[in-house]
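Encoded as C-alpha cells, the structure appears first; notes follow it.
The values are calculated or read from the model by the stated rules, or taken from the named source; none is laboratory data. None of these values were measured; they are calculated from a predicted model. Side chains are part of the model used for accessible areas, which takes the heavy atoms of the whole protein and leaves out ligands, DNA and RNA. Shrake-Rupley method; radii C 1.70, N 1.55, O 1.52, S 1.80 Å.
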Amino acid sequence: MSPSAYAAWSKDDLIARIQSLEAVLASDPKIPPEKIPRPQTPISSQTAQKKSKKERKPFDINAYPKRKIALKFCYAGWEYNGLAFQTDPTPLPMVEAVLLKALGDCRLIDPELGLEGCGWSRCGRTDKGVSGAGQVVALWVRSAIGTKPDARKKNLPVEDVGAALQTEGSEAITDESSNDLPPTTEPADAEPSETPEQSQAELRYVAMLNAILPRSIRVLAWSPVADDFDARFSCTFRHYKYFFSAGFPPYPHLSLSPGEDGLLDIGAMQDGAARLVGNHDFRNFCKIDPSKQVDNYTRRITHATITPVDTSDSSVPSGSQATPSPLYVLDLKGTGFLYHQVRHIMAILFLIGARLEPPTIVDTLLDAQTITRKPVYEMADGLPLVLWDCGYRDGSVSWRVDDSGSANPASASKPGGPQSAHNLFYDFDLLASQSRTKMVMMEHFAKAAEVFHSPPRPPSDDSGVFRAPLGGGLFLQSAMGKYVKLLDRPRGDRSEDINERWRNGAGARRKERKEARAAAAVVGGVAEAQGASTPQAENREAP
C-alpha cells in the first residue's frame, strides 16, 4: 500500500494499523511482504473523506442574503501606491485591491465581479503615500440577516470564515462587470433592528477582515446604510490633517533678531490658513486634471487651524540622543476638495512660515479674476497628509463593531475589547514601536556614515542659501539671490485652455476609441443574433 493511501487516515486508525502489523510480524518474522494482509480503509477515514469532499463544494455567494454596508478603515499610505483600484500593474499594491481580496477571501463578495459587481463607492481618493485614518467605502456584502435569494435552496449555515480562510487562494480581481447590484432583501436602513430577522447576530465584519488584512490596513467599524447611500456623494464634509516639523530644516537666510529661534513662523502660517476659510475659487491651489473637465473650482473651507501636536508620550525612544523639533498639524475641513488641493495649500503655507512670502499671498492667489494663471510652484510632499475623517448627515450611518448594535464604537462587546485577538490598539502600538526603533537605527546609520563623509555645515556657514520646506523631511534649497517671488514666476496655462486642449487631443482620441468599441460590440451582437437564428429557421424547414 502506497504511503499516500494513508493520508486520509486518522491518528487512531494509523496506530491500530501499526499494532496489527506488529502482531503479524511477531507471529512470523519471516513472512514475505505480499503475505501481509492488505488493510481496508477505516470507516472513520471514509467518513472524513466524504466530509472533505463535501466541504470542497464550490461556495455560492448568491445563495445567501446580501445587504449594503459602509466600512470605516485606516491605512498607512507609505506602503501603498494609492487608494483606488488599478487594472494596470503598479510598483506598490493599491489599498482597494488589498481590501477587495480580503472581502473575497472572507466570502463577503464575489471577487470575479470586481468593484462594480458589489456596487462599490469611496469617499475620498488618496494618492501614493497619502494615508487615511477615517476613509469610508460602501458596498453590498453577504449577510447573516434576512431571507435567502432562492428559497428553494437548502438552508446552509452562514459561518464566520475570516480566520479559516487566511491561507486560501482567490481568483484575480478584475474591474470588468455589469453595473447591476447583487440581489437584495429588504432595504438596509441606518437602524436595522426593526424586523425579527434583523435581531439575529450579523457577521463579524470587522474581525473577519482584520484577521486577513495586513496591519497597515485596519477596519475600524461598519454601518448598515440605505440602498441609495453613496460613500462619496452622501458625504457632507472631509477632514484632512497635515503633520509637519517647525524645526527642519534650519533657515539660514533669515535675519534673526536676538531671541528668535529660526524655526517656521507658525503665527504667520496660521494667519495664512485663516484666509482660506469660506467659499473661494481654488484654481491656483490645485493641479488641473483635464480628463475630469472640471469647470467649477469654487470650494468651501469651513475650518483651517494650525496647532501643536501632543508628544508628551515622547516620540523619541529612551537612549536616543535626538532632540525632537516641535511638531504641528494643519487641520483642514471642507465640503469638497480639488485634485491635490491640500498639498498645494500646504506648500504656500510653508513659504509663508519660512518668511519667503507674506500671509497676504493667500488672498492674492484666491483672486482668480486677477491671477487667472497659476504661478509655477512645487506642491508639498504627500507622506504627512492624512484623510482624517469623512462626515455624513445624522441618521445615515450608525457605526458599530461586530456584535455591538450600539452606535457608539466604544461600547462594543468582546470583539473590540482589551483581550481581543484583533485589538486595534495592539496593532497600532506595534507599528509605532517599530517606527521608533527604525528612527534610532537611522540615527546610528548617520553616525556610521560620519567615518567616511563630512556632516552638513552649520547654518551660519550657509548664509547665502535659502531653504523652503516641502514636508516629510524634504525641502528646496538654492542661493538666496535666486529665490523668485510667487507673483514674479512663470505662469501655467489657463484652466479653460488646458481643458480645451485635452478635448481636442487626448479626449478626442479617447472618444473615438470608445465609439469604435461600441460599434464593434453592436456588430458582434448582431452577428451572434443572426447565428443563433439560423438553426431555428433550418429546424422549421425540416420535415
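Here are a few things to note about the model shown:
- 29 Å Cα-Cα threshold exceeded, pairs from 241/514; 72/292; 128/333: 241/514
- Residue 298 accessible area, assembled protein chains, probe 1.4 Å, Å²: 60
- Counting only heavy atoms of the protein chains and using a 1.4 Å probe, residue 443 has close to 50 Å² of accessible surface.
- With every protein chain in place and a 1.4 angstrom probe, the accessible-area ranking of 487, 203, largest first, reads 487, 203.
- Per-residue surface analysis assigns residue 475 an accessible area of about 70 Å², computed on protein heavy atoms at 1.4 Å probe radius.
- Surface composition of the range 58-149: carbon plus sulfur atoms contribute 52% of the solvent-accessible area (1.4 Å probe, protein chains only, all chains present).
- A full extension of the chain between residue 79 and residue 363 corresponds to an added length of 98.6 nm, given 0.36 nm per residue minus the alpha carbon distance.
- Note on surface exposure: 445, 337, 229, 428 rank 445, 428, 337, 229 by accessible area, highest first, 1.4 Å probe.
- Extension gain, residue 86 to residue 493, is 143.6 nm, computed as 0.36 nm per intervening residue step minus the present C-alpha separation.
- The range 335-398, accessible surface, carbon-and-sulfur percent (1.4 angstrom probe): 49
- Taken one residue at a time, the phi angles of the range 325-337 give Karplus couplings (6.51, -1.76, 1.60, θ = phi - 60°) of 7, x, 10, 10, 9, 8, 9, 10, 10, x, 7, x, 9 Hz. Gly and Pro are set to x.
- Accessible area per residue, Å², the range 68-108 with all protein chains present, probe 1.4 Å: 34
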